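One structure is given below, encoded as structure tokens.
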Amino acid sequence: LFPPPPQDNTDPQKTAFLLRKQWTLYSVTPLYGFSNAHLKHYARLLSAFIAAEKQKGLAVEVGVELDIKVAVSSIPDLKGSDRDQDAILVQLSLRPPASPKNSEEKLVWSGCFCSVSGDHLSENLPEDFTCLPLFLANGAESYTSIVGSWFQKTFDCCFRRLAISPLNLSWMAAMWTGCQVDKTTSAMELIFSVPCLPYPLDISYAIHPEDAKALWDTVQKTPGEITQEEVDVFMDCLYSHFHRHFKIHLSATKLVKVSTAIASAHCDGIIKFLQSKYLAGVLMLLTELAISQIQ
Amino acid sequence: MHRRQSSETLKKPPQDHHKNQTDLSAWRKGRRTDPKKSVQSHQSLNDKKNDSEQDSLEEALSYFEQVQGRVSLKKNNVLQKHLTTVESIALQRGLPPEGFDVLLKVALSGKLADTVNTRLLKSLVPASVIPETSVVSAVSWLCVSKCSGNIQLLFLRWLITMFDFIDRKEEIHALYGFFFSFLQDEKMCPYVCHLLYLLTRKESVKPFRIRRLLDLQVKMGMQSHLQALLSLYKLFCPELVTITLPGKMKTYFKNSEGPWKAAINAVRQRNQASSPVFQTLFLGTAQPQSRKRKWNTQLIIPASSTNINNIEEDRKKNCVNLYSRDESFPVEQLQTFSQLLQNIHHLEFPSQMGSVLTNPLLLHYMNCIKDESVYLRLYYWMGQTLQEECTWCVADSKQYEEEFKDFLETVYKTECFLQEGFSSCEEFLYKSLPLWDGICCRSQVLRLVSWIPLGNFSEMKSHFYDPLVQLFFTSSLYFKCSVIESLKELLQNWLNWHVIHLDSESDSQVRSSNTTLSGLVNMVAELIHFVGWISTVALRLENNHTFLLYFILDFYETVCDMYLRYNLPLLIMPPAGVFYPALLSMDCVNLNQLCYIMYRYRTNLVAAKENELSKKQILQFKFSSQTYQEYNQYIIAMVGCLWTSSAFQKDTHPQGLRMDDELLKKTAVKEFKTSFNIVYHPAMMGYALHFLQQAWPDDTTFNFSLIKGKKWNWYLEYLYSQGLTGLKVFIESSINRVSQASHSNAENAQV
């Protein structure tokens, strides 16, 4: 249950683009008719599609230089096992308007399809299908919408926002507490939202990471293994501590966000990765959540 | 393609018109020798009139063929006369194919004044077809531009309007480049675009043409005719050009039919069957978005559009096989069943499978092509859409209930069309039923229930029966009735599935593991027991409501006939909680239904027993003796009630009517024995009353005991004539009436 240590063969450089950015999470059903061999062609079509969408009603020739450059590439390093498909990275960048070619393109949007130890989704599926159930997007939603629509149209797949339930958030809180990180780390923060109020009220609960770790170590029975019961005990301890001081029952509120040194996750399906060491582990958990939303 | 195909249907008339284009005699002869017409006198009068018209038309045509130089219309009576002749004949009957060459040539050569040319062009209405050669020569006249701009425009409009009447189009297709060059003329551009739209085939789409159109687009801005042509180019070659059409477009081309509209309609009416209908544009415009929602949370069934997925591979294949891609038929153009039949070998599924839901032709195709990935694509899309849009599972989606209803309705219709349930629907029901309030989208959800595929029982129990029961017992009478009806349809769908697979099984002898006969029998039995149980409870909750009883008995009308109608070795009797309320019902509709059901049970059981005896071999499935025993108990109770007035003594069912005489006497009812026979039964008393009034109009004492002996038979006849056919078949089959006395032998009724 605990995320395995990242594979040795992954090159942290190649996945570093994921770190310290906010990613919006989606689940994606298997892509039909997708092939790694045609990424360049896809980039051409997608770039023309984006141009056509932005100037509705005007036709666009495929293959010419357009304002927005599209790059589609595969990242073989981003996977859990050999049975996972290679991750696909889509990047949109703005060409500098009428300036010398060497001036830098500005990255405006990126999206990443991946599957980390999600191979059980592809079991029994015909070869025409490519399973990359987790999609992460960073950038303006208007681009997510256009790129998503193009993928939906072209590969007959379905995108759905991947919300993270409070139950899964508490799992993340417990799991990430137990992870070893360098000393200079920030506090672990849990944010709760109080339901049924006429105005929004959020409660922020910050805990020193070493205290949290100490608590978790007393709760966890077998290292490397986590049970639902242990997670419940851990959260209950935090709740009762809070109640002792503030007389507020956090169990009656909704956990909406968990921030630790490993990553921070929001229930709306937004995540920020902070540690490259645990990237694969977090992605594996998210892949699992995405698959359960598809099936 | 529709256009080409429709032109082919028109090819048949005048076969030799190429050779004798101006020789009208052939045409006239053809008319004269028509045997039918020479018979009738008024017909021949018509013929004479026709003949004179023919002559004058012939004269007019030869005049126009020979006319030289500019002739003024005002001063020239001859020209006026011939022009009027052409006009009147054209508008009344249309021109023969041979006329077009001459008239087009003269109209486009600029010999005559524009007013004449205009009138000539406006009268170019075909009686049957327009020969391709005349159009080709007209286009060559157009290219030398001897005529004025107005005439050029009018000719193009004429060509667009008459496009489907041209007998052949190969040579016109060869002129594609000529037409294309006219695009640079600003006035002609809209009409040329329309014409090119009609002419374009996949091979016409070339990169240089795309670039040319894009240049025009830069010059002229957003123009609907350019958009339409470019969209067609995109349809054929999505790898070269792309365009997103704005949502609100309705017309892409200016109406060019104007001057010929009435005449064209007349021609169409004349040759109804073979008349080409104007092709509606099949451009996929963006669906109007009624509201702002996040991009992927809007319920849209995608439009059918060609899959652009395999282009690269096709290019490679093309080196080997030149036909591979060109042959595939774009789904956007699939509009008729005959097109489907003609292109079924090179049709591709649309890029988004969800679009088949609204396209019956593709559903037909889907039914033929049993492809696993087709179902998988549909499965994923539908599963996600149902979950995302489910109004009672997803917060804040209440306002979209109508849309969701429509969607469920569409899914249900598709299931009916395909005669099978979708597994994504089944999963959706299992996931969402526990959260359902029983009100939201009620009829749609209950309809979907009827298409739950045969699965395994434990799954159905925990995901379907259990949550359904909670809603069932706590909801209104009408909800209960709807649930029973859905379950009846579910049962019928399962039984139909069984019958169909029984047929196909004879070929293969193999059944997939989860649908063995015993598996099916168990599932069906569980369903029937489930309905029996909820019916018993519901009848108590609703005080044996007639309406509810009607739906329950309707369910059993299917159950009682499973052996004979569906070839399923299973018969299950209704529980006592259903049987007795029906037997003692206050309403004759229910009683009549029960009689019919018991008659069918008897027929099925007798057939089963005969089968068992005749085959002698040990059958895998045998009705248990308990079924026969239950049937016999019920039949004794029924005959005892309705006929022999002995139910209180003879009923042997543990939950039956058997009662001690002592007890019955305490009720102080005088004639308790007869109180449930066909005269005194509360459901029948109305009939008895009417019968008495008719048989003894003067008697006002309502003496029911008069109905006996011969009168009893008359009464029976009267009942049968009142439409109680269930009662009729029951009495005729289950009651031995050899001894006409009222003491019939119930034993005989037993199986």
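The values are calculated or read from the model by the stated rules, or taken from the named source; none is laboratory data. Fair warning: this is a prediction, and the values are worked out from it, not measured in the lab. Virtual Cβ from ideal backbone geometry, glycine too; neighbours counted across all protein chains shown. For the accessible areas, the whole protein counts, side chains as well, though only heavy atoms, and no ligand, DNA or RNA atoms are used. Shrake-Rupley method; radii C 1.70, N 1.55, O 1.52, S 1.80 Å.
Here A:Ala174 meets the list (1) crowded, with 20+ Cβ neighbours inside 10 Å; (2) within 12 Å of chain B (Cβ to nearest Cβ); (3) not β-branched (Val, Ile, Thr) almost entirely, failing just condition (2).
Selection of the stretch B:668-701 for residues being open to solvent by 40 Å² or more (accessible area, probe 1.4 Å) and either in contact with a strand residue (DSSP E or B) (Cβ under 9 Å, 6 or more places away or on another chain) or aromatic (Phe, Trp, Tyr) (or both) yields B:Phe676, B:Tyr680, B:Tyr687, B:Trp696.
For the stretch A:250-257, the count of residues that are of a type in the set (A, V, I, L, M, F, W, C), outside any helix (DSSP H, G or I), farther than 16 Å from A:Ser27 by Cα and open to solvent by 20 Å² or more (accessible area, probe 1.4 Å) is zero.
Restricted to the stretch B:206-245, and to residues there that are outside any helix (DSSP H, G or I) and not hydrophobic (A, V, I, L, M, F, W, C), the residue that is nearest to B:Leu183 (Cα to Cα) is B:Gln223. The residue list A:Ile262, A:Ile248, A:Ile291 contains one member that is aliphatic (A, V, I, L, M) and within 14 Å of chain B (Cβ to nearest Cβ), which is A:Ile291. Scanning the stretch A:131-146 for residues that are at the interface with another protein chain (Cβ under 10 Å from one of its Cβ atoms) and either open to solvent by 40 Å² or more (accessible area, probe 1.4 Å) or hydroxyl-bearing (Ser, Thr, Tyr) (or both) yields A:Glu141, A:Ser142, A:Thr144, A:Ser145. Going through (1) open to solvent by 30 Å² or more (accessible area, probe 1.4 Å); (2) among the aliphatic types (A, V, I, L, M); (3) touching a helix residue (DSSP H, G or I) at 6+ places or on another chain (Cβ under 7 Å) one by one, B:Leu663 falls short only on (3).
Looking at B:Lys370, is it at pLDDT below 85 and open to solvent by 20 Å² or more (accessible area, probe 1.4 Å)? So B:Lys370 fits the description; yes. Against the test of being part of a helix (DSSP H, G or I) and under 22 Å from A:Ile271 (Cβ atoms), the options A:Ser142, A:Ser73, A:Ser117 yield a single qualifying residue, A:Ser142.
Counting only residues that are in a strand (DSSP E or B) and more than 8 Å from chain B (Cβ to nearest Cβ), the stretch A:28-63 holds 2 of them.
A residue that is open to solvent by 40 Å² or more (accessible area, probe 1.4 Å), touching a residue at least 40 places away in the same chain (Cβ under 8 Å) and not in a helix (DSSP H, G or I) occurs nowhere in the stretch B:137-154. Residues that are modelled with pLDDT under 85 and either of a type outside the set (S, T, N, Q) or in contact with a His (Cβ under 7 Å, 6 or more places away or on another chain) (or both) within the stretch B:152-162 comprise just one, B:Met162. Is the stretch A:147-160 home to any residue that is more than 10 Å from chain B (Cβ to nearest Cβ), open to solvent by 40 Å² or more (accessible area, probe 1.4 Å), free of Cβ contacts under 8 Å to residues at least 12 places away in the same chain and not aliphatic (A, V, I, L, M)? No, the conditions are met nowhere in the stretch A:147-160. When the stretch A:64-99 is filtered for residues that are within 14 Å of chain B (Cβ to nearest Cβ) and loosely packed, with under 14 Cβ neighbours inside 10 Å, the ones remaining, listed by number, are A:Val64, A:Glu65. Note on the stretch A:239-274: residues that are under 11 Å from the mean Cα position of the chain (by Cα), aliphatic (A, V, I, L, M) and more than 16 Å from A:Met175 (Cα to Cα) total 1. Only residues that are touching a residue at least 24 places away in the same chain (Cβ under 8 Å) and over 25 Å from B:Asn590 (Cβ atoms) were counted in the stretch B:695-708, giving 1.
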